[in-house]
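Worksheet for the structure shown next.
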Amino acid sequence: MFKIDQIDHVELFVPDRHEAARWYERTLGLSVLPQFERWAEDPHGPLMISSDGGSTKLALFTGEPRGRRPTAGFHLVAFRVDGPGFLSFLDHIEDAPVFNEAGEELKTLKPRDHGEAFSVYFCDPWGHRLEITTYDAGYVRQNLS
């Protein structure tokens with residue numbers, strides 16, 4: 001029976017791929033993958049970024065971002081971290097702010113307890129909906145101040 005190995009990449013449209021890559025590196029630790037950087041030399045090609053050396057990637061394309069329009073198709077991109085990473089992200093956004101759906105800068109997020117997991121929801125500067133989630137719910141519950 002056929003089955004996929006994993007999700008390879010998610011494509012996002014942004015006005016400036018390099019500016020977006022800097023935001024994603026500063027905020028989420030995703031960096032440009034040198035082995036694919038030549039693809040971005042083509043104005044229609046992607047700038048590939050990743051936090052795990054390229055196993056999973058975001059492909060940044062030049063184009064009109066979602067902005068404040070209602071979603072169609074995919075709703076958000078969720079990134080998984082461990083419990084300490086989740087709590088670290090909550091502190092991190094004080095210096096690397098994220099945004100709400102109206103485009104307003106946020107320096108704090110309210111974690112949502114899903115029982116077996118915790119998540120926070122926010123947008124990048126171009127209106128793409130993002131999530132940081134952890135399945136270390138017990139750790140977060142014990143250490144969330």
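The values are calculated or read from the model by the stated rules, or taken from the named source; none is laboratory data. Source: prediction; values computed, not measured. Because the Cβ atoms are built from the backbone with ideal geometry, glycine has one as well, and the counts that use them run over all protein chains shown.
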Give just the number: which of (1) over 14 Å from Leu130 (Cβ atoms); (2) aliphatic (A, V, I, L, M); (3) not assigned by TED's automatic domain parsing to the domain that holds Ala117 does Leu30 not satisfy? (1)
For segment 65-93, name all the residues that are in a loop (DSSP other than H, G, I, E, B), at pLDDT 90 or above and hydrophobic (A, V, I, L, M, F, W, C). Val81, Ile93
From the residues in segment 1-42 that are in contact (Cβ under 8 Å) with a residue 40 or more places away in the chain and in a helix (DSSP H, G or I), which one is surrounded by the fewest Cβ atoms within 10 Å (Cβ to Cβ)? Arg26
Could you list, in sequence order, all residues of segment 94-112 that are farther than 26 Å from Pro15 by Cβ, in contact with a helix residue (DSSP H, G or I) (Cβ under 8 Å, 6 or more places away or on another chain) and modelled with pLDDT of 95 or more? Pro111
Candidate set: segment 43-58, residues that are in a strand (DSSP E or B) and in contact with an Asp or Glu (Cβ under 9 Å, 6 or more places away or on another chain); chosen: the one nearest to Arg26 (Cα to Cα): Ile49
Do we find a residue being farther than 25 Å from Gln142 by Cβ, under 14 Å from the mean Cα position of the chain (by Cα) and free of Cβ contacts under 8 Å to residues at least 40 places away in the same chain anywhere in segment 114-122? no
